[in-house]
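The values are calculated or read from the model by the stated rules, or taken from the named source; none is laboratory data. Just so you know, these numbers come straight off a predicted model, no measurement behind them. Glycine also receives a Cβ, built like all others from the backbone with ideal geometry; neighbour counts cover every protein chain displayed.
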Amino acid sequence: MKASDLFIKALENEGVEYIFGIPGEENLDLLNSLRDSSIQFILTRHEQGAGFMAATYGRLTGKVGVCMATLGPGATNLVTPAAYANLGGIPMLMITGQKPIKKSKQGRFQIIDVVHMMKPITKCSKQVVNGNNIAAMVRQSFKLASQERPGAVHIELPEDIAREEVDEQLFPVRKTYYPIARNESLQNALTMLYEAKMPLVLIGAGANRRCIGSAMKEFIDKLGIPFFMTQMGKGVVSEFHSLYLGTAALSENDYLHCAIDRADLIINVGHDIIEKPPFIMKQGGTKVIHINFSPSSVDDTYFPQLDVTGDIARNLVSLTELAQKQAHWDFTYFMRIKDESQGHIVKYFKDERFPILPQRALKDIRDVLPKDGILALDNGIYKIWFARNYKCFLPNTLLLDNALATMGAGLASAMAAKIVHPDKKVIAVCGDGGFMMNAQELETAVRLKLDLVVIILNDSAYGMIKWKQEGMGFDHFGLDFKNPDFVQYAKAYGAMGYRPASCDEFGSILNDVIDRKGVHLIDLAVDYSLNHAILNELLKNKTCLV
């Protein structure tokens, strides 16, 4: 059989459902082999869109998302999605083409060393030099991509290798099982837990990569220990839980940090080094138990006193069975911080000013989305507001990137979410800057007949950097731009466009379009004038309760 046919059969063997991408002439054999495959090929308008969609598929399913591009510029356009997936702990395979490696008549035209370009930002990057190695290479790549810590892998398939005649061979796909912690580690964890007076649970990104929500909730419910989350840990346990204190959207100076500073033990579940630590450890200060698939990496700000490594869910189950609630634990202060923080968070939920405040916008979005509805964010200052103020009922219902934190991923991420979960309501929230970086994927969404709501928070500027500029005492400079007419832009692609002129009109439009078919874009003017006053000044100058 032809090598490209074997490649597709190897992908089918792995259970691949979709390949997102833009092929070039170097991929044509592979593309032709896809014609009779069970795998659906989804053509995008930019390789970044393909990569972000594949990564989101991986994030939501836990399976390896697959994307494809040609050589040269096609491959370089996958660099950002590669970093996005690898840094975010998301399983993804990138397939790129290449000119013939045995004999070429085109010299160095379009040829760069893609394999070595990808190596620093992937778990593995290899070129196929013999078609008979394809099955083993695909199996190994999927194994590497999905094992903890998950990430991106890359395979380059030259066009002459793709045409080779090869022997048909596939390798069985076997599930990976992770070890559990030794009883000694569990007993040491119990000792630290019982010696503490004010323990806190922290849920990080690693806990959101596997289905550990029920085990985490049982641990919290039995012991009654309050918990908080990092941005990428949101939703592992419902944030409407009575013991939820908040999300560490800021690195310091939020109400939540008052509780963190007072805690004498933090049970850190799923810590991932890609996220800014919500607390800075000090010698002789708060103790930390590290519960994760792999041991902690010691640095100046994070040096846990105990590692409980292995399968997170199974280790949590074991701890829950062994541990008992302690009468000397005192969470009174934590609950007072929770009440104080909640009063601050809801303060602007009913504010009627227009352009709309981000706090009011997210409240309206939360009201319209059902518990299992998915909200995909691009990157901008609004991400901080959503991380702090938007509560999730379920895991991975708020898709934000706090790893690479790249702009331009929000729309593609929402599209992939809708493909994976066609029965769920999906909303994309993008800043005007981030939206324009991959706005062309609107055509893909319309062509795929996705039912999707896209909200553009429009301030005609790079608002996040403006906020940082103001926080550093600089005058605003160099960050303002003009936008197209987004309503007409949407209509040009066959989508529907709206431009509300008040908060009430926004709420009315949102309630209407969330249940309608097709792609609906809302150009929403946003007011960021309180960003500096609240996030830089008010919170920094707050007084923690005594």
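Residue count for segment 121-162, restricted to those that are more than 23 Å from PRO81 (Cβ to Cβ) and free of Cβ contacts under 8 Å to residues at least 24 places away in the same chain: 1.
Among residues of segment 301-314 that are under 17 Å from LEU193 (Cα atoms), those with a Cβ under 6 angstrom from a residue that is β-branched (Val, Ile, Thr), sequence gap 6+ or separate chain, pair up as PRO304/VAL288; LEU306/ILE289; VAL308/ILE291.
Within segment 84-120, being of a type in the set (A, V, I, L, M), touching a residue at least 60 places away in the same chain (Cβ under 8 Å) and surrounded by fewer than 19 Cβ atoms within 10 Å (Cβ to Cβ) holds for one residue alone: ILE101. Among the residues of segment 218-250, the ones that are under 24 Å from HIS328 (Cβ atoms) and either charged (D, E, K, R) or touching a residue at least 12 places away in the same chain (Cβ under 8 Å) (or both) come to 15 in all. With respect to ALA525, determine if the residue is assigned by TED's automatic domain parsing to the domain that holds ASP367, under 28 Å from the mean Cα position of the chain (by Cα), closer than 16 Å to VAL429 by Cα and part of a helix (DSSP H, G or I). It is false that ALA525 is assigned by TED's automatic domain parsing to the domain that holds ASP367, under 28 Å from the mean Cα position of the chain (by Cα), closer than 16 Å to VAL429 by Cα and part of a helix (DSSP H, G or I). In this entry, ARG45 is excluded by the filter for residues that are in contact (Cβ under 8 Å) with a residue 40 or more places away in the chain, surrounded by 24 or more Cβ atoms within 10 Å (Cβ to Cβ) and of a type in the set (Lys, Arg). Residues of segment 64-79 that are in contact with a Gly (Cβ under 7 Å, 6 or more places away or on another chain) and either assigned to a strand (DSSP E or B) or within 16 Å of SER413 (Cβ to Cβ) (or both): GLY65, CYS67, MET68, ALA69, LEU78. Does LYS123 satisfy the condition of being at pLDDT 95 or above, touching a helix residue (DSSP H, G or I) at 6+ places or on another chain (Cβ under 9 Å) and either charged (D, E, K, R) or surrounded by 20 or more Cβ atoms within 10 Å (Cβ to Cβ) (or both)? For LYS123, the condition - at pLDDT 95 or above, touching a helix residue (DSSP H, G or I) at 6+ places or on another chain (Cβ under 9 Å) and either charged (D, E, K, R) or surrounded by 20 or more Cβ atoms within 10 Å (Cβ to Cβ) (or both) - is met.
Check LEU357, LEU398 and return the single one that is of a type in the set (A, V, I, L, M), at pLDDT 95 or above and closer than 17 Å to MET464 by Cα.
Exactly one of LEU357, LEU398 is of a type in the set (A, V, I, L, M), at pLDDT 95 or above and closer than 17 Å to MET464 by Cα, namely LEU357.
So is LYS102 charged (D, E, K, R) and at pLDDT 95 or above or not? No: the conditions fail for LYS102.
The requirement of being small (Gly, Ala, Ser), in a loop (DSSP other than H, G, I, E, B) and either at pLDDT 95 or above or surrounded by fewer than 20 Cβ atoms within 10 Å (Cβ to Cβ) (or both) is not satisfied by SER33. Scanning segment 246-287 for residues that are hydrophobic (A, V, I, L, M, F, W, C) and assigned to a loop (DSSP other than H, G, I, E, B) yields ALA249, LEU250, ALA263, ILE273, ILE274, PHE279, ILE280, MET281. In segment 336-359, the residue that is surrounded by the fewest Cβ atoms within 10 Å (Cβ to Cβ) out of those that are within 27 Å of LEU545 (Cα to Cα) and of a type in the set (Lys, Arg) is LYS350. State yes or no: is LYS424 at pLDDT 95 or above and surrounded by fewer than 24 Cβ atoms within 10 Å (Cβ to Cβ)? Considered against the rule, which asks whether it is at pLDDT 95 or above and surrounded by fewer than 24 Cβ atoms within 10 Å (Cβ to Cβ), LYS424 comes out as yes. Residues that are more than 13 Å from MET407 (Cβ to Cβ), in the same structural domain as GLY380 (by TED's automatic domain parsing), modelled with pLDDT under 95 and surrounded by fewer than 21 Cβ atoms within 10 Å (Cβ to Cβ): does segment 447-460 have at least one? There is at least one residue in segment 447-460 that is more than 13 Å from MET407 (Cβ to Cβ), in the same structural domain as GLY380 (by TED's automatic domain parsing), modelled with pLDDT under 95 and surrounded by fewer than 21 Cβ atoms within 10 Å (Cβ to Cβ). Checking SER238, SER242, SER251, SER296 one by one, the residue that is closer than 24 Å to GLU537 by Cα and either in contact with a Phe, Trp or Tyr (Cβ under 9 Å, 6 or more places away or on another chain) or surrounded by fewer than 14 Cβ atoms within 10 Å (Cβ to Cβ) (or both) is SER251 and no other. Residues in segment 138-164 that are out of contact with any helix residue (DSSP H, G or I) (no Cβ under 7 Å at 6 or more places or on another chain) and crowded, with 20+ Cβ neighbours inside 10 Å: SER141, PHE142, ALA145, SER146, PRO150, PRO158. Residues of segment 6-15 that are surrounded by fewer than 21 Cβ atoms within 10 Å (Cβ to Cβ) and part of a helix (DSSP H, G or I): LYS9, GLU12, ASN13.
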